[in-house]
Amino acid sequence: LTGSLQQLTEFGIIGLFSQQVGARPAWVSTGIGDDCAVLDLGGEKRLLVTCDMLVEGVHFLSDRISPRQLGQKSIAVNASDIAAMGGEPLAAFLGLGLTPQTSAEYVRAFRDGLLEGCRELGVELLGGDTVATRTDLAVSITLLGQVRAEEVVLRSGARPGDLLFLGGNVGDSAAGLRLLLHPDLILPPEHREALLRAHLEPRPQLRLGRFLASHRLAHSLIDVSDGLLQDLGHICASSGVGARVDCARLPISVSATEAASRSGLDPRDFALYGGEDYVLLFSAAPQDEDQIRDGGRALGLEVHPIGEITAEAGVSVLRDGRWVSPEREGYDHFR
Ligand code: ADP
Ligand code: MG
């Protein structure tokens, strides 16, 4: 590894750590490259492990998100990766880097949010580590979960002919971020609140993940954290397939549409490239569409078919009557 990090992409860097030398131990069912690692320790259940980090100035601005919201969001984004395996979360380990400026009240409020999030999601906080940092607050959570062996859903199971589904709106979180960064943007309060909530208080789709897994409906599954097209790209790369997405079918809220138009932007760009939506993206057999949409409704969710999986590689997007190959894919920490 020579030269500047800018010459590598985020996934190029991850690749440095995922090079496999020799055979994997038998207890590794799935290693680096999915939303969670899957460990086979014997028995009917698999252990799921995921780790996500939030850093001040990169993932959040401490004057735009309350410490309580930060606590809740930290656990929510990790639980979203458990949902993306079809699992249920169990235990969290909290790595906390606090600056000399962090106040005791801030830490208490963060703790309240984190523990409330844990309670809501059925997670026990069982450990962690606490250190001082020079300038920026950092939160790293390792979350363990479980799922029955035959219910694990990977990114790699997509098949040509599958329909592609989204478990909820995409673009709200990006629109909410836009509002945070442009406080002068005028928007009716109901839209403003909905978008800020999507960005600051995401809710992982654990029940949808369990529904899809327990009924074996999803062939492939991921949560949308880096942007729809980037995360779809991960499903396609892992599965050795391509995909077509119809922009006209993307679930984009009125609030996001309103925020985009008042910013002179196209809401479809929020939806395709935005990230941090934490909704599930999955592929399934076309004949299961009704069961999937009914099951979603029973959970209070509208599940939307947005396109299909193709045998030929590459993702193409139908936009204003033309098929285009998306030029930029989503968020990369090193670009
Ligand atoms: P997600 O968005 O679902 O959390 P990421 O895109 O962050 O997934 O990571 C992709 C894969 O790379 C995951 O399996 C993750 O565990 C792994 N990964 C990311 N960073 C590292 C690292 N520094 N060392 C080892 N594995 C990593
Ligand atoms: Mg994920």
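The residues of the stretch 282-315 that are among the polar types (S, T, N, Q) and open to solvent by less than 30 Å² (accessible area, probe 1.4 Å), listed by number, are Ser283, Thr310.
Taking every residue in the stretch 199-228 that is over 18 Å from Pro89 (Cβ atoms) and more than 15 Å from ligand 2 (Cβ to nearest atom) and pairing it with any residue that is open to solvent by 20 Å² or more (accessible area, probe 1.4 Å) and among the aliphatic types (A, V, I, L, M), at least 6 positions away or on another chain, the pairs with Cβ-Cβ distances below 6 Å are His199/Leu177. Within the stretch 44-62, the set of residues being more than 9 Å from ligand 1 (Cβ to nearest atom) and open to solvent by less than 60 Å² (accessible area, probe 1.4 Å) comprises Arg46, Leu47, Leu48, Leu54, Val55, Glu56, Gly57, His59, Phe60, Ser62. State yes or no: is Arg68 more than 10 Å from ligand 1 (Cβ to nearest atom), open to solvent by 10 Å² or more (accessible area, probe 1.4 Å), of a type outside the set (Val, Ile, Thr) and closer than 22 Å to Ser225 by Cα? Taking the combined requirement at face value, the residue satisfies it. For Arg134, the conditions (1) surrounded by 22 or more Cβ atoms within 10 Å (Cβ to Cβ); (2) basic (Lys, Arg); (3) over 30 Å from Arg249 (Cβ atoms) are fulfilled apart from (1). Evaluate the stretch 173-196: report whether one residue or more is in contact with a Phe, Trp or Tyr (Cβ under 7 Å, 6 or more places away or on another chain) and either free of Cβ contacts under 8 Å to residues at least 24 places away in the same chain or of a type in the set (A, V, I, L, M) (or both). Yes; the residues of the stretch 173-196 include at least one that is in contact with a Phe, Trp or Tyr (Cβ under 7 Å, 6 or more places away or on another chain) and either free of Cβ contacts under 8 Å to residues at least 24 places away in the same chain or of a type in the set (A, V, I, L, M) (or both). Evaluating Gly12 against the criteria (1) of a type outside the set (Ser, Thr, Tyr); (2) surrounded by 11 or more Cβ atoms within 10 Å (Cβ to Cβ); (3) near ligand 1 (Cβ under 8 Å from one of its atoms); (4) modelled with pLDDT under 95 leaves one unmet condition, (3).
The values are calculated or read from the model by the stated rules, or taken from the named source; none is laboratory data. Computed from a predicted structure; not experimentally measured. Counting neighbours? That spans all protein chains shown, and the Cβs are built from the backbone with ideal geometry, glycine included. Accessible surface areas use protein heavy atoms only, side chains included; no ligands, DNA or RNA. Shrake-Rupley method; radii C 1.70, N 1.55, O 1.52, S 1.80 Å.
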